[in-house]
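Contents: one structure, followed by commentary.
The values are calculated or read from the model by the stated rules, or taken from the named source; none is laboratory data. Quick caveat, the model's predicted, so the values are computed rather than measured. Please note: Cβ atoms are built from the backbone with ideal geometry, for glycine as well, and neighbour counts cover all protein chains shown.
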């Protein structure tokens, strides 16, 4: 007994190319000695590793109303904006940390006393010179 799982093709295909596409999308598991449970577990593992299970779960099983689509779109947009905001904050924190460490350890003492802007080295994250507004002690927070 051989178990097969096929994905439905949404495009119009010729019978031959359709058969080839179905063959390439199939998962075959051989059941030996009537070990159906073992074969099903193996098929599930193959589906997870190939990403086929994710594709099947993504297909809607029921009709989604337009109002629900709007709510889902708004939530997705909110998640995207929150993620971008967090990435922006993390980037600014990293740039401050890197520029602080690069700038503090290479400044002479007389420059720190005068509190002037000085271009020191280059940052690891960007190729532009790092400028320090005022000299501060390196404190690890």
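The residue of the stretch 22-46 that is modelled with the lowest pLDDT, among those that are closer than 15 Å to residue 56 by Cβ and not in a helix (DSSP H, G or I), is 26. The set of residues in the stretch 55-73 that are part of a helix (DSSP H, G or I) and surrounded by 10 or more Cβ atoms within 10 Å (Cβ to Cβ) comprises 55, 56, 68, 69, 70, 71, 72, 73.
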